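Throughout, read-outs are computed from the coordinates displayed, never taken from laboratory work. Keep in mind the model is a prediction, meaning the values are calculated, not measured. Cβ atoms come from the backbone with ideal geometry, glycine included; neighbour counts cover every protein chain shown.
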Amino acid sequence: MSTVTAATSAPTPVGGSAAQKLPSAAVWQQDQGDKPLVWVNGRMVPKHAATVSVYDHGLLYGDGVFEGIRVYRGKIFLCKQHMDRLYRCAEQIRMKIPVTREEMIAVMRECIRVNGYSDAYIRLVVSRGYGSLGLDPRKCPVPGVICIADEIHLFPAEMYEKGMRVVVANRPKTPVACLDPRVKTQNYLNNILAKCEAIDFGCHEVIMLNLDGYVSEGSGDNLFIVKGGKLYTPPPEVGLLEGITRQFVMTRLAPELKVKCLEKKMTLDDVLDADEVFLTGSAAEIISVTQIDQHDGKGKITRSTKISDGEGAVTGRLRRRFREIVTGANVPEE
Ligand code: PMP
């Protein structure tokens, strides 16, 4: 009797366990190297050591908020607006960011400086923080702050001139009443699974519709159409992130180029019937959509619609003006 008990309760010998044979995330992580240096909860650490606790509610539940921000010529592009959105979104999920905006900006500048970047992409994450194995956010008294400055290449470079093919996601956008997509939370599975539909068909991006069939946005960018020389973009109430690049197009680029821009609820047919379609985002910048495919959810494209032969004229003017500004001497931080 005693032998049985002893055998079953003995610890599994090291080296012989099934778990030991699994590929080790830790080893893979170590291979990622030292660069860049990353800000994690008050410390600047090399990439492979940039880790958070397994008890962090950002990891356990996607409970937190984030920002993706571009740095051009050493300037944090539209920094103020990103800070406004980050702090607003934190409030909307009842989280108090434990550092001031000034301190947050100082952290970003430090990440740029120590890594010697002039152009970069910043990922700011404020997670609910270290807690216990339950949903209650009160168990996480101090939110965690992470700042990564790195490179990003969202879409292949040649697509910026030639335009891209996208698919329409069958998965609808999370409804506003459930989790308003205006709040940029770490909970991005709706977008990731929609993006997987694009990947299934060899594309880089999707167009997402809301439950009523109105066009909302891409998985990580906003959508515009050009029709009759005017720009149209869906309004936030259909369920989308109020992108900062979207705002920049509406309030700076379009007026500068004397193109009228309006918010309008659009069906998929409105978009398929457009003269031009393009996407905007901090990572995406401005990129033309030249073909939109629909699929049946079983692996077959059911309809392909060509929008334009290459990048449209209005999109091209907007994109070139955008590039002029972000490569120019006065990259706006406000
Ligand atoms: N929509 C979604 C879902 C996004 O993740 C992003 C990227 N932040 C955007 C739109 C574009 O927003 P922004 O221009 O602020 O980067």
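What do you get for the angle between helix 101-114 and the principal long axis of the chain? Use alpha-carbon atoms, 0 to 90 degrees, nearest ten. Approximately 80 degrees, to the nearest 10. Angle of helix 313-326 to the longest C-alpha principal axis of the chain, folded into 0 to 90 degrees and rounded to 10: 50°. Summary of packing: across the peptides 293-303, 91-101, 68-78, 121-131, the per-residue average of other C-beta atoms within 10 Å ranks them, highest first, as 121-131, 68-78, 91-101, 293-303.
Mean projected area of the convex hull spanned by the Cα atoms of the stretch 164-225, taken over all viewing directions: 4.2 nm². Here the chain is treated with +1 on each Lys and Arg Cβ and -1 on each Asp and Glu Cβ, and its dipole about the Cα centre works out to around 400 debye.
Legend: distances between Cα atoms for Lys195/Lys258; Lys227/Lys300; Lys35/Lys75; Lys162/Lys227; Lys195/Lys264; Lys195/Lys230; pairs beyond 26 Å are Lys195/Lys258; Lys227/Lys300; Lys195/Lys230.
Measuring between their Cα centroids, the stretch 205-236 and the stretch 103-152 lie 30 Å from each other. Each principal axis of the Cα cloud of the chain was evaluated for its coordinate range; sorted largest first, these ranges are 85, 49, 37 Å. Charges were assigned to the Cβ only: +1 to each Lys and Arg, -1 to each Asp and Glu. The resulting dipole of the stretch 35-150 about its Cα centre is roughly 200 debye. What does the convex hull of the alpha-carbon atoms of the stretch 35-150 project to on average, in nm²? Approximately 6.5 nm², given one-decimal rounding. Between the helical axis of 189-200 and the longest alpha-carbon principal axis of the chain there is an angle of about 70 degrees. Residue ranges 26-33, 44-51 sort as 44-51, 26-33 when ordered by packing (mean number of other C-beta atoms within 10 Å per residue, highest first).
Relative protection proxy for 310-323, 149-162, from highest mean packing down: 310-323, 149-162 (other beta-carbon atoms within 10 angstrom).
The distance separating the Cα centre of the stretch 301-323 from that of the stretch 64-80 comes to 26 Å. Note on the chain: dipole from Cβ charges, positive end direction compared against Pro181, Met208, Leu133; the farthest Cα belongs to Leu133.
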